[in-house]
Amino acid sequence: MTASPSRDSVRQFVGAVSFAALVGVGAWISLPVGPVPITLQVFFLYLAAILLRPRFALLSMTLYVLMGLVGLPVYASGGSGLAVLIGPTGGYLVGFILGATTASLVVHATPFSRSPSRLKRVLTFLVALLICSAIIHGVGASWGKYQTSLDWKAVFLTWVLPFLPVDGVKILIAPFLADEIRRRRIFVSP
């Protein structure tokens, strides 16, 4: 028996709000490594991208960005406000919205994500998260380059490269956790 469309939408909405809050909490768990700290934000974003349908992934990350815009300390290192969004690291926040939505589109448009084979599902999630990460880093670094006088090499070395190993670990863990959450039908219907 599957959930009704309205029940499923309520689950997805609750998931969107929950993941917006988790991304905000993840911002407080940070390791400063330069102009952009390493946080748990992206890990929760990855889960949202896999578990939420595209419109709810979009809603979740938009809600997260709006929470920071209105002054809640949900950005990295407890930041908030318009100055952060339009500042040098603001591109990452825009990248969160674009990356999560795109990854969710990949997951939900691919029949392998509903395959009985766990390997096919997890591989689909991995591909979606690699695309998501590329979007986040691409938008974030491009905006950072625009906002600073750094050349592309310096931007890559300080704004992208330090994150790749940690993001790689997150990308390897998130698909398995998300698959287990989906199996238990939390936030999603069968």
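Things worth noting here:
- Proximal lysines relative to K153, as straight alpha-carbon distance under 24 Å, when same-chain residues fewer than 8 apart are discounted: K145
- Packing rank of 19-32, 145-158, where each peptide gets the mean count of other beta carbons within 10 Å, highest leading: 19-32, 145-158
- Helical segments meeting 30 Å axial Cα length and Kyte-Doolittle -0.5 threshold in the chain (DSSP H): 5-28, 118-147
- Sum of side-chain charges, A128 neighbourhood, beta-carbon under 14 Å (Lys, Arg +1; Asp, Glu -1): +4
- Cβ crowding within 10 Å averaged over residues, with 108-117, 47-56 ranked highest first: 47-56, 108-117
- Two-site FRET efficiency, L119 against V169, from Cβ-Cβ distance with R₀ of 25 Å, rounded to 0.05: 0.80
- Helical runs assigned H by DSSP (4 residues or longer) give the chain a calculated mean residue ellipticity at 222 nm of -23000 deg cm²/dmol, each run adding -39500 (n - 2.57) before division by the residue total.
- Plainly put, segment 75-139 has a radius of gyration that is 1.15 times its Kirkwood radius, both from alpha-carbon atoms, as the Rg/Rh ratio.
- Partners of K120 within straight-line reach, counting aspartates and glutamates whose Cα lies under 16 Å from its Cα and excluding those fewer than 8 residues away in the same chain: D179, E180.
- Computed over the alpha-carbon atoms, the chain gives an Rg to Rh ratio of 0.98, Rh here being the Kirkwood radius from the mean inverse distance.
- Database remark: amide H of I38 closer than 5 angstrom to the amide H of L31, V33 (H placed geometrically; neighbours at sequence offset of 5 or more, or on other chains; Pro and chain starts carry no H).
- Relative to the 2.2 N^0.38 Å rule of thumb, segment 101-143 has a C-alpha radius of gyration ratio of 1.29.
- Potential lengthening of the chain between V17 and A134 amounts to 39.7 nm, from the contour at 0.36 nm per residue minus the alpha-carbon distance.
- Placing unit charges on the Cβ atoms only, positive for Lys and Arg and negative for Asp and Glu, gives segment 5-183 a dipole magnitude near 580 debye about its Cα centre.
- Considering only G99, A57, A109, the residue lying farthest towards the positive end of the dipole of the chain is A109, judged by Cα position with unit charges set on Cβ.
No lab work stands behind these numbers, since they all come straight from the coordinates. Values in this document were obtained by computation on a predicted structure and should not be read as measured data. Quick reminder, even Gly has a Cβ in these numbers, built from the backbone with ideal geometry, and neighbours come from all protein chains shown.
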